[in-house]
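No value in this document is a laboratory result; all are computed from the given coordinates. Not measured: the values here are computed from a predicted model. Methodologically, a virtual Cβ is constructed for each residue, glycine included, from the backbone with ideal geometry; neighbour enumeration extends over all protein chains shown.
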Amino acid sequence: MRWSRFYIPTLKEAPADAEVVSHKLLTRAGMIRKLTSGIYTYMPLGLRSITKASAIVREEMDKAGANEVSMPMVQPADLWQESGRWDFYGKELLRLKDRHNRDYCLGPTHEEVITDIVRGEVRSYRQLPMNLYQIQTKFRDEVRPRFGLMRGREFIMKDAYSFDKDQEGLDESYRAMYEAYNAIFTRMGLKYRPVEADSGSIGGSFSHEFMVLAETGEDTIVVCDSCSYAANVERAEIFCTGDECDMLDTPMEEISTPNVRTIEEVSSFLDAPAAAFIKTLLFDADGEPVAALVRGDRELNDVKLKNLLNADTLEMATPEQVREWTGAPVGFAGPVKLNVKRIFADNELRLATDWIVGANKADAHIKHVSLKRDVELSGFADLRVITENDVCPKCGKEISLTKGIEVGHVFKLGTKYSESLGCTFLDENGKDKVMLMGCYGIGVSRVVASCIEQNHDENGICFPPPIAPFEALVVNLDIKSDEVNDKVDEIYTFLKEQGIDVLVDDRKERPGVKFKDADLIGVPMQIVVGGRGLKNGILEAKDRRTGEKTELPVEGFAEAFKEWKTKVYAGWNID
Ligand code: ATP
Ligand code: MG
């Protein structure tokens with residue numbers, strides 16, 4: 001491929017709305033162009049990376065026994081009504097009407113469609129297990145589309161769905177996908193980690209997210225330094241040990257706290273540490289009031305609360321609801337005489353007593369509160385967000401927190417969709433049974449963005465070879481010289497014969513421009529051919545990742561190149 005014939009519209013400046021480095025570099029490298037918010041065109045160079053990532057996904061899915069299909073993107077509303085998600089899915093579902101005024105949506109995911117196919121086709125246990133997948137464009141009308149390909153509205157996803165006759169079958173299908181995902185992300189040259197993830201109200205260890213480790217990740221993950229435990233903070237359980245403490249003789253005492261509302265304000269006003277307070281957080285859970293109590297210096301994990309309540313929706317109480325339930329303006333809620341039936345306290349609050357809480361009254365707090373004596377609790381539960389000072393819930397040793405980007409998700413659905421959509425089969429005894437399903441997603445376009453978040457420097461992208469748009473770039477420094485042109489052609493042919501994907505920079509540009517663009521687009525192996533080098537019998541090769549330059553001899557180039565390539569690939573842990 002010749003650069004002069006291949007459209008790579010590189011830019012000096014990043015777009016004004018680009019916040020993260022992958023968005024900036026994808027645009028500057030001419031890989032994507034924005035059409036409108038969260039919707040992008042994959043330009044020739046960008047599409048090559050996406051195609052390479054897709055090919056790896058496809059190979060590993062096929063190897064794992066899944067069959068590729070391609071489902072429609074436009075889906076009829078009645079299927080979504082049947083599964084119950086039409087009302088539940090919210091505004092991320094882009095709904096539309098056809099000329100007959102019938103409702104449709106653009107597929108944000110395909111559980112309904114795939115289940116409809118399988119229920120219409122598969123009748124016998126002999127046809128199971130079955131795993132169908134596609135690599136296709138999804139649409140989700142995200143509240144805040146941002147970060148370029150990282151959180152688009154239109155994006156490419158690989159989604160697979162497994163169907164099994166029993167739990168052992170599902171476990172096996174899940175394990176096969178888990179392993180395929182490990183193979184996929186390893187082959188792509190990414191540093192990643194599978195972590196236990198929240199599975200909503202289904203609960204249990206039914207879901208893993210695959211996280212690319214990058215400081216700019218939106219997710220925080222807990223990693224144990226001693227055992228294999230890794231989990232999304234949303235899910236990470238807290239190991240709470242210690243003796244209960246609920247004795248308190250001192251009676252409650254109301255104190256005046258004019259205009260101090262937040263924990264920091266009250267804590268400095270009363271000169272007491274934040275840990276001496278209880279934070280009372282009020283929620284509307286499926287239309288019912290709920291209070292959650294955590295220590296003043298802690299953060300509530302609302303995913304844990306939602307799972308505990310088994311709620312479909314959980315929303316912070318509005319100021320009007322706060323007023324109604326506490327009788328006070330926002331900022332003074334407390335658990336004593338609170339007009340809320342369900343009050344849950346974080347486990348840790350069991351270990352101490354003599355708390356300071358809001359008085360459910362403007363400008364007042366209460367001192368010397370005992371949860372046991374003064375509050376009607378519904379119970380204690382693990383409700384707070386884990387911190388670096390907590391210990392591993394599996395082995396009790398130290399943990400650390402890192403940032404990650406979710407690139408894949410494997411999930412045991414069980415009978416959630418097969419039940420509502422009536423996806424059944426006849427078992428060995430001729431009895432009708434509901435199939436067990438799993439679903440497995442990979443954000444293919446997000447993979448390319450997160451790969452850049454993980455691999456870049458101040459000059460541009462450093463692509464790992466397997467998903468780089470090209471593996472090698474031959475830079476022609478003197479397109480007017482026959483000698484240089486001949487050598488470039490010779491090297492191009494040689495690299496092609498080696499099965500390497502090559503781009504030749506044959507543009508009429510200054511060397512400086514070529515070098516800058518080469519670094520920007522991040523092709524992992526650069527080979528520079530110039531008149532002066534040829535005179536000295538050498539070609540300069542640069543490893544984009546390390547920046548290390550190596551002189552390869554013109555005589556015996558083939559052997560020297562192979563050796564160098566092995567070194568470059570070894571740096572990516574790829575052979
Ligand atoms: P997130 O929590 O990031 O919103 P999700 O959990 O809703 O993602 P899934 O339904 O699990 O996403 O989709 C499977 C995969 O699709 C995700 O692991 C992610 O890699 C990718 N993905 C999801 N939403 C987007 C998006 N808006 N843009 C790009 N990729 C996405
Ligand atoms: Mg997910």
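Would you mind counting up the charge near Ala311? Only other residues with Cβ under 13 Å from its Cβ, with Lys and Arg at +1 and Asp and Glu at -1. Let's see the in-between values first.
Values: positive: Lys304, Lys306, Arg342; negative: Asp284, Asp286, Glu288, Asp302, Asp312, Glu315.
In short, -3.
Here the sum of -39500 (n - 2.57) over DSSP H runs of 4 or more residues, divided by the residues of the chain, equals -8500 deg cm²/dmol at 222 nm, to the nearest 500.
Ratio of the chain's C-alpha Rg to 2.2 N^0.38 Å, to two decimals? Please list the in-between numbers first.
On the way: Rg = 29.1 Å, N = 575, 2.2 N^0.38 = 24.6 Å.
Rounded to two decimals, the normalised Rg is 1.18.
Relative to the longest principal axis of the Cα atoms of the chain, the long axis of helix 444-454 lies at roughly 90 degrees.
Coupling constants for region 346-354 follow from the phi torsions by the Karplus curve (6.51 cos²θ - 1.76 cosθ + 1.60, θ = phi - 60°), and in residue order they are 5, 3, 4, 5, 6, 8, 8, 8, 6 Hz; glycine and proline get x. Using θ = phi - 60° in the Karplus curve 6.51 cos²θ - 1.76 cosθ + 1.60, the 3J(HN,Hα) couplings for region 208-223 round to 10, 9, 9, 10, 7, 7, 7, 4, 8, x, 7, 9, 9, 10, 9, 10 Hz; x is entered for Gly and Pro.
When we measure straight from the Cα of Lys341, which lysines land under 28 angstrom away, once same-chain ones fewer than 8 places off are left out? Correct list for Lys341: Lys279, Lys304, Lys306, Lys361, Lys367, Lys372. Net charge dipole, region 155-247: roughly 680 debye, given to the nearest 20, about the Cα centre with Cβ charges of +1 for Lys and Arg and -1 for Asp and Glu.
For the chain, a simple Cβ point-charge model (Lys and Arg +1, Asp and Glu -1, everything else neutral) yields a dipole of about 1760 debye relative to the Cα centre.
Fewest neighbouring Cβ atoms within 10 Å first, the residues Val336, Val290 line up as Val336, Val290. Can you figure out the FRET efficiency of Arg373 with Asp87, using R₀ = 45 Å and their beta-carbon distance, to the nearest 0.05? The formula returns an efficiency of 0.55 here.
By the count of other C-beta atoms within 10 Å, a proxy for reagent exposure, Val447, Val69, Val21 are ordered fewest to most as Val69, Val21, Val447.
With coordinates expressed along the principal axes, the C-alpha atoms belonging to region 417-575 extend over 81, 32, 27 Å, beginning with the largest. Extending 7 Å from Cα along the Cβ direction at Val69 and again at Asn339 yields two label points whose distance is 5.4 nm.
Counting neighbouring beta carbons within 10 Å and listing from fewest to most, the residues Lys52, Lys433 come out as Lys433, Lys52. Checking Cβ-Cβ separations below 4.7 Å across the chain identifies Cys105, Cys240, Cys245, Cys423, Cys439, Cys451, Cys462 as cysteines lacking any candidate disulfide partner.
With respect to the cross-link table entries Lys12/Lys549; Lys165/Lys431; Lys191/Lys542; Lys158/Lys412; Lys12/Lys34; Lys34/Lys138, which display a Cα-Cα separation exceeding 19 Å? Kindly include the intermediate steps, with their values, before the conclusion.
Values: Lys12/Lys549 25 Å; Lys165/Lys431 12 Å; Lys191/Lys542 23 Å; Lys158/Lys412 16 Å; Lys12/Lys34 16 Å; Lys34/Lys138 17 Å.
Distance filter (> 19 Å) returns Lys12/Lys549; Lys191/Lys542.
Relative contact order of the chain: 17 percent, from C-alpha pairs under 8 Å at least 6 residues apart in sequence.
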